[in-house]
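**Q** Sending over a structure as structure tokens; questions will come in a sec.
The values are calculated or read from the model by the stated rules, or taken from the named source; none is laboratory data. Just so we're clear, the structure is a prediction, and the values are computed from it rather than from any experiment. Neighbour counts are summed over all protein chains in view; Cβ atoms, including those assigned to glycine, are modelled from backbone coordinates with ideal geometry.
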């Protein structure tokens, strides 16, 4: 599947409100499957995640369609957040974003790690891209991708 054309640009403070609204559109159904949706708590978690690395805004035809946050920890790249608005999901954007992170990591010989809810359908995407389960804490699945060289 080819991805819908998109561009990335660094997030700026003016993106906070639309990205927070997108956070709710993307994650409220998952959260409400286990907990009550508490707007103040979700706003705090969204802000924390956005500060935990390089934050990029995904644009499709000039419209904010998602966010990618990656923390370069020196010894690994940690995917803090991949978020694609429901209107743009299932178009290959999320897979393309993660594949870009994998390419960046492979070029530096680094692994990529992430954590995802066990009920998030993105879990299957990560498995297709070669991530392996490394553990689980409650409902959070921890995953790791390591570049495989052709000789391995």
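**Q** In the stretch 111-121, how many are at pLDDT 95 or above and either within 14 Å of residue 99 (Cα to Cα) or surrounded by 16 or more Cβ atoms within 10 Å (Cβ to Cβ) (or both)?
**A** 5
**Q** Something else about it: What pairs come up if the first residue lies in the stretch 107-134 and is on the phi > 0 side of the Ramachandran plot, the second is buried (at least 16 other Cβ atoms within 10 Å of the Cβ) and in a helix (DSSP H, G or I), and their beta carbons are under 9 Å apart, counting only those six or more places apart or on different chains?
**A** If the second residue must be buried (at least 16 other Cβ atoms within 10 Å of the Cβ) and in a helix (DSSP H, G or I), the pairs left are 130/102.
**Q** Scan 25, 61, 14, 65 and give me the residue that is exposed (fewer than 14 other Cβ atoms within 10 Å of the Cβ), touching a helix residue (DSSP H, G or I) at 6+ places or on another chain (Cβ under 8 Å) and either in contact (Cβ under 8 Å) with a residue 40 or more places away in the chain or over 23 Å from residue 119 (Cβ atoms) (or both).
**A** Going through 25, 61, 14, 65 in turn, just one is exposed (fewer than 14 other Cβ atoms within 10 Å of the Cβ), touching a helix residue (DSSP H, G or I) at 6+ places or on another chain (Cβ under 8 Å) and either in contact (Cβ under 8 Å) with a residue 40 or more places away in the chain or over 23 Å from residue 119 (Cβ atoms) (or both): 25.
**Q** Looking at this structure, is residue 96 at pLDDT below 95 and either closer than 19 Å to residue 49 by Cα or surrounded by 15 or more Cβ atoms within 10 Å (Cβ to Cβ) (or both)?
**A** no
**Q** Give the residue that is surrounded by the fewest Cβ atoms within 10 Å (Cβ to Cβ), with candidates limited to residues of the stretch 135-144 that are over 21 Å from residue 103 (Cβ atoms) and touching a strand residue (DSSP E or B) at 6+ places or on another chain (Cβ under 9 Å).
**A** Only one residue tops the list, namely 137.
**Q** Looking only at the stretch 13-56, which residues are outside any helix (DSSP H, G or I) and closer than 26 Å to residue 111 by Cβ?
**A** If the condition is that a residue be outside any helix (DSSP H, G or I) and closer than 26 Å to residue 111 by Cβ, then 52, 53, 54, 55, 56 are the ones that fit.
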